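Written below as structure tokens is the structure these notes are about.
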Amino acid sequence: MHLISIVLSGGAGTRLWPVSRQALPKPFMHLGGSSLLQQAIERGQSCGTDDALIVTNQDYLFLTRHVIDGLSDPPQARYLLEPKGRNTAPAIALAALACAQAHGPEAVMLVLPADHLIPDTEAFVACALEAARHAQQGQLVVFGISPSSPETGFGYIEVEKPSRHTQKALRFVEKPDLATAQRYLATGRYYWNSGMFCFAAGTILQALKEHAPEVLQAAEHAWAASRTQDGATQFDSHAFGLQPDISIDYAVMERASNVTLVPAKFGWSDVGSWPAVAQAHPADTSGNTFVDGQGTEFVAVDTTGTHVQVECHGPKVVATVGVQDLVIVDTPDALLVAHKSVAQKVKAVVDTLKDRKHDSTHLPAAVHRPWGTYATLKEEEGYKVKRLTVKPGQALSLQYHHQRAEHWVVVQGTAMVQIGEDEHHTQPGQYRYIPLKEKHRLTNIGEDELVLIEVQCGGYLGEDDIVRLADTYGRA
């Protein structure tokens, strides 16, 4: 059996704002010491496969490769790069076409969302291998989660009788109201739909042909117009956009007769809200959970059931007095305070900020780039102070600015600073001035991370005031 893990790394995670942003979404959030994306990739590897096909937005390729490069035993990874989101049916259809072409229609696809938390890897592997055996027999396999509460935020799957054994899935039910969810829970015949699947590439392609031919035809058209280089497949934006925006549940699973449910015998969370994040961390004796930033201290007085998470540029004290069941998330540019009972409504905050065209829905406080990161430390009229990090051997684009001059001070590492036609070897404590409209470039020529403080001065300090003349990452 040739098993391939298909990692679906999409979704904005708007209910986890202000940590999850459009430019650094939920799969890149860290829980338990590593990102959710890394955990999904390693979960697939634990099943004995060294092939990973990652479906993600084209803007996240460098972030995803950074995760892969950081693994002690990285898989053979290929990437399908979406120019825009198009839901799970088109993503799985394209992945199936890629797998069938590379490995044949018998190749078994283990489809894993990149934003789930599954602590018990051994139990997951046992279920996944059982699912793969059924997939080899022509079944479309879905992983069902035994419901622990009448959750209205999940879809449900009905089976014939209460059991911990694999059986035929009778029907898929969309997110119910509370009374219906309570009735489902009482019968014992309903599972939460986890969004994890397993099937042979040929089986899912045949199912798409029978039940959603428009999805398959559009995917075949997009695949024919794609191009692959260095393991990354890019799609023509127009051809890709013609694909229907539909889930694999609607397109196939609800209509097919060969759907089998494997009940999950492992703990699972889709980490869909801040209370779910809190549950993933150990609590103190009062039920409080705390995720600290750089040297942050949490002081809780008469506080119970509260989750505090801090991301900051330096040490900070966070104190709570006389509160209960709150979520407090503090980042350098945004603060969220919400009651756990209404944490799902964080999405409404994001929608409001989008209407106001506010940057905090898109860019995180520390913005990741192929060469490293930058973070704004201070901004007032006429100037902005930023902290830049550059990975060893990496370089910013050769560029100039129309409306700002820049002052650079190296505080860690060794830089080569090009200003005009001259190059300057720059050590910690040394300073370089880049005049308005002068071309310049920053390169890390040392073996360690380069850290730089940049002060911008000018009438306009927007990120779009960049004219790239040459770029290692193809952005010029």
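Read-outs throughout are calculated quantities, based only on the coordinates presented, and are distinct from any laboratory measurement. Just so we're clear, the structure is a prediction, and the values are computed from it rather than from any experiment. Every residue, glycine among them, receives a Cβ derived from its backbone with ideal geometry; neighbour counts consider all protein chains shown.
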Using only the Cα atoms, what convex hull volume per residue in Å³ does the chain have?
161
How large is the helix-only mean residue ellipticity at 222 nm for the chain, computed as the sum of -39500 (n - 2.57) over DSSP H runs with n ≥ 4, divided by its residue count, in deg cm²/dmol to the nearest 500?
-6500 deg cm²/dmol
Computed over the chain: relative contact order in percent, which uses C-alpha pairs under 8 Å that are six or more apart:
14
Environment charge at N444 (Cβ cut-off 14 Å; Lys +1, Arg +1, Asp -1, Glu -1):
-1
Extent of the range 164-235 along each principal axis, from alpha carbon coordinates, in Å, largest to smallest?
51, 26, 24
Give the separation of the Cα centroids, the range 1-68 to the range 389-449, in Å.
32
Of the peptides 196-208, 458-470, how do they stack up when ordered by the mean number of other Cβ atoms within 10 Å, highest first?
196-208, 458-470
Extension gain L170-K437, at 0.36 nm per residue separation less the Cα-Cα distance, in nm?
89.5 nm
Once you compute Rg and the Kirkwood Rh from C-alpha atoms, what is the Rg to Rh ratio for the range 193-255?
1.00
Based on the Kirkwood radius over alpha-carbon pairs, what is the Stokes-Einstein translational diffusion coefficient of the range 274-346 at 10 °C with 1.306 mPa s viscosity, in µm²/s?
130
Counting Lys +1, Arg +1, Asp -1, Glu -1, what net charge surrounds Y156 among other residues with beta carbon under 13 Å of its beta carbon?
-2
Counting Lys and Arg as +1 and Asp and Glu as -1, what is the net charge of the other residues whose Cβ lies under 9 Å from the Cβ of A102?
0
